[in-house]
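Structure first, commentary second.
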Amino acid sequence: KQCAQTGWRTYRRPDDKSGGHGVGWSPIIPYSFSVPQDFEEVPVSIADLGGTEIDLRFASSKEGRLFVIVAPVLRFADNLGDDATIQKIGPPEKVISAFGPEVIGENIEGKVLSMNTVEHDGRMYYQYELEPPHVLITATAAGNRLYLFSVTGSGMYLSSMEEALPGFKEDIRVFSCSLVLDLPGL
């Protein structure tokens, strides 16, 4: 973990971190993202929403929480291979229908405020905003895994993030072969 700028630090998943056991699992491609200094990493439990597929969680009692789900693409189909793309997994509606309930703890019907697709450096991302308690989700695929990054916070907190970091909602992305969930300007 290193400081990205005042008030922020960069988290990089350690290469030797355990996880990814069972059928359809392979080594997890290391990823990194910027997180506010006051967000602390918290233990992951199989009892969490998202269960065994949650790779890590961060939380702040004042601002919200974030987590990364890393799921085998075999959850969607058995013929996606070792170089899956989010497009091969399915359209944005299929991905949010599969993971939305795990993220918010209830049916997502009528709760998706926006759904977008964006491409960065040749990799496609599906981005979602769900209604209060405001959840921003970005999903992509790499190797034989789906990576889903979720930030939950109050509307005021997420609005302040958007003001401080224009493009905050649109700028979580993957670079080359390593997954980087990167908040803008950091």
Residue separation between His120 and Asn107 times 0.36 nm, minus their alpha-carbon distance, gives in nm 1.7 nm
Can you tell me which of 79-92, 53-66 comes out highest on packing, and rank the rest after it, using the mean Cβ neighbours within 10 Å? 53-66, 79-92
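Please compute the volume of the convex hull spanned by the alpha-carbon atoms of segment 53-138 and report it per residue in Å³. Can you show the working numbers first?
Details: hull volume 9.8 nm³, N = 86.
Expressed per residue, the convex hull around the Cα atoms of segment 53-138 is 114 Å³.
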Mind listing the phi-derived Karplus ³J(HN,Hα) values for segment 54-69, rounded to whole Hz, using 6.51, -1.76 and 1.60 with θ = phi - 60°, and x for any glycine or proline? 6, 8, 7, 9, 10, 8, 9, 5, 8, 10, x, 8, 9, 8, 10, 9
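Which loop-located GluC sites (Glu not before Pro) does segment 66-106 contain, where loop means any DSSP state but H, G, I, E or B and the Cβ has at most 16 other Cβ atoms within 10 Å?
On the way: sites: Glu93, Glu102, Glu106; in loops: Glu106.
Passing both the DSSP loop test and the Cβ count: Glu106.
Read-outs: derived from the displayed coordinates by stated rules, not from any lab. Just so we're clear, the structure is a prediction, and the values are computed from it rather than from any experiment. So basically every Cβ, Gly included, is an ideal-geometry build from the backbone, and we count neighbours across all protein chains shown.
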